[in-house]
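As structure tokens, the structure follows; a few thoughts come after it.
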Amino acid sequence: MFESIADKLKKSEKIVFVTGAGISQESGIPTFRGKDGLWRKYDAMKLATIDAFYEDPKLVWEWYEERRQNILSAKPNPGHLAIAELEKHRQVHVLTQNIDRLHQRAGSKSVYELHGSIITVKCTVCSFKGNITSSFSKLPPLCKCGNILRPDVVWFGEPLPQDVWQDAISQASSCDTMIVVGTSLVVSPANLLPVYAKQNGASIIEVNPEETPMTPSMDLSIRSSAAKALPELVPIVFPV
Ligand code: APR
């Protein structure tokens, strides 16, 4: 799969991965836009916007609690594990749109969560932010200050955490190889990251069973799944 750019990969000093829901699909977590995607079953505008949250915080919380249980019972798959393995041999950074923390659970140390995390909550009014360690007895949960807590995730129309976003741009702009895995590249601004990499001379590889809007710009587009393709990458970049 990677033979055609194996030499470039071997010489890569800094590899940046941009990942989306597809890398967790083989861990049993549904994607958003695929044939069985979440946005085919649920209305994103009723569950993943700040207006939807204020209109019916209990409904949004019930959906996130259901997703959180599914995510907590999921395990990293060979795709996540291959990226974590690569980090032992090269400078590797993961810019993920996923909130499932499977990269961290696979052992990746440098992970930038562009869209937040399923295990963190924040207060809608005060500055409280904290990790959820167990299920809430009552939804929506309340902060100590008495106001409603919300999932610490980025909803449609909301800005990304600025510090994380600036770091992600810096990583994308200074890598020599970018590997885009399991994302439809239709949601901005995350879909700009491969543009930054390309502008700075990086080789860009896509791993996705389907084409994306950026397929024509890729140096290599691998029509395969993350769990199949990525484990083949490690011995190429770092022949043991
Ligand atoms: N391996 C690799 N790629 C896969 C696999 C797999 N096993 N299965 C599906 N894919 C691909 C699909 O072909 C699709 O291109 O993963 C992509 C998933 O795309 P989306 O469902 O749109 O997910 P993503 O790109 O992460 O969405 C971005 O949109 O809804 C918001 O906030 C949400 O972070 C999410 C953002």
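Observations on the structure shown:
- Solvent-accessible area of Phe136, all protein chains in place: 60 Å² (probe radius 1.4 Å, heavy atoms, ligands and nucleic acids excluded).
- A straight Cα-to-Cα reach below 21 Å connects Lys14 with the lysines Lys88, Lys109, Lys198, residues fewer than 8 places away in its own chain not being considered.
- Under 5 Å, built H, 5+ apart or other chain: amide partners of Val207: Val180, Val181, Gly182, Ile222
- Listed residues Ser4, Ser203, Gly116: farthest to the positive end of the dipole of the chain (Cβ charges): Gly116
- About its Cα centre, segment 107-240 has a charge dipole of approximately 620 debye under the convention of +1 per Lys or Arg Cβ and -1 per Asp or Glu Cβ, with nothing else charged.
- Counting protein heavy atoms only, the chain has 54 percent of its accessible area on carbon and sulfur, 1.4 angstrom probe.
- Think of the chain as a dipole: +1 on every Lys or Arg Cβ, -1 on every Asp or Glu Cβ, centred on the Cα centre; then among Asn77, Ser225, Gly130, Gly130 lies furthest on the positive end.
- What the phi angles of segment 71-81 give under the Karplus curve with 6.51, -1.76 and 1.60, with θ = phi - 60°, is a coupling list of 5, 5, 8, 7, 10, x, 9, x, x, 4, 5 Hz, glycine and proline written as x.
- 15 Å beta-carbon shell around Lys228, net charge (K/R +1, D/E -1): -3
- Heavy-atom accessible surface of the chain, averaged per residue, reaches 47 Å², computed with a 1.4 Å probe.
- Taking all protein chains together and a 1.4 Å probe, the residues Arg68, Arg105, Arg90, Arg40 rank Arg40, Arg105, Arg90, Arg68 from largest to smallest accessible area.
- Rounded accessible area of Ile50 (nearest 10 Å², 1.4 Å probe): 50
The values are calculated or read from the model by the stated rules, or taken from the named source; none is laboratory data. Bear in mind the structure is a predicted one, so any value in this text is a computation, not a measurement. When we count neighbours, we look across all protein chains shown, and the Cβ atoms used for this are built from the backbone with ideal geometry, even at glycine. We work out accessible area using only protein heavy atoms, side chains counted, and drop any ligands, DNA or RNA first. Shrake-Rupley method; radii C 1.70, N 1.55, O 1.52, S 1.80 Å.
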